[in-house]
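The values are calculated or read from the model by the stated rules, or taken from the named source; none is laboratory data. No experiment lies behind these values; they were computed from the predicted model shown. Counting neighbours? That spans all protein chains shown, and the Cβs are built from the backbone with ideal geometry, glycine included. Each accessible area value is taken on the protein alone, full model and side chains, heavy atoms only, with ligands, DNA and RNA left out. Shrake-Rupley method; radii C 1.70, N 1.55, O 1.52, S 1.80 Å.
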Amino acid sequence: MSKLPVLVRLHRRRLGEARGNLAACEAAREELSSRLAAFHGTMNLERRATRGSLEATRVYPAFAERMRSVADALARAIAEADVAVDQASELLAARFRELKTYELALEAEAEKQRSTEARRERSELDEIAADRARRTAAAR
């Protein structure tokens, strides 16, 4: 009994897990990107709000410096998420190649079995035809 069907199922499951991992990485990256965009929007609002106040103008530079460090941290997190997405994509491609290898082997095995069965059937039919020809010749 061939173990190929079991291996195909296993690799299909692994491929599904890799797809889920890639989707999670992409979602995390999108979440970070939207947080960074919202952060920039908030920073623009804060900048506009400080224009009318002398006190806000004095403390805004320290606030802006702190917010730049937050924006930098978000940008680094997005870069790390990009790396994770790339790695997940590569893993998905590798899993797909592995699955395809086993699927092709399973197809080849099935084709070999069909060919063997067809040869056996032709052999049986040839034997039946030969028996019939012998009986017909003997009856004459």
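Helix 4-50 versus the longest principal axis of the chain: what angle, 0 to 90°, nearest 10, using Cα atoms?
The helix 4-50 is inclined about 20 degrees to the chain.
What number, rounded to the nearest 500 deg cm²/dmol, is the helix-based mean residue ellipticity at 222 nm of the chain, given -39500 (n - 2.57) per DSSP H run of at least four residues and division by all its residues?
Helix contribution divided over all residues of the chain: -36000 deg cm²/dmol.
With springs connecting C-alpha atoms under 10 Å apart, model the chain as a Gaussian network and identify which of Arg29, Arg19, Arg48 has the largest mean-square fluctuation.
Arg48
Any idea which of Ala84, Gly20, Ala130 is furthest toward the positive side of the dipole for the chain, if Lys and Arg beta-carbons carry +1 and Asp and Glu beta-carbons -1?
Ala130
Using a 10 angstrom cutoff on alpha carbons, build the Gaussian network for the chain and name the most mobile of Ala62, Ala28, Ala88.
Largest GNM mean-square fluctuation: Ala62.
What is the angle, in °, between the Cα long axis of helix 54-139 and the longest principal axis of the Cα atoms in the chain? Nearest 10 is fine, range 0 to 90.
Roughly 0 degrees between the two axes.
For the chain, which whole percent of the accessible surface, found with a 1.4 angstrom probe, sits on carbon and sulfur atoms?
Of the solvent-accessible surface of the chain, carbon and sulfur hold 56 percent.
Using the heavy atoms of the protein chains alone and a 1.4 angstrom probe, what is the accessible area of the chain per residue in square angstrom?
Dividing the accessible area of the chain by its residue count gives 75 Å².
Select one label from [x] 8.0; [y] 13.0; [z] 15.0: the one whose number is mean projected area of the Cα convex hull in nm² as derived from the coordinates shown.
Among [x] 8.0; [y] 13.0; [z] 15.0, the one calculated here is [y].
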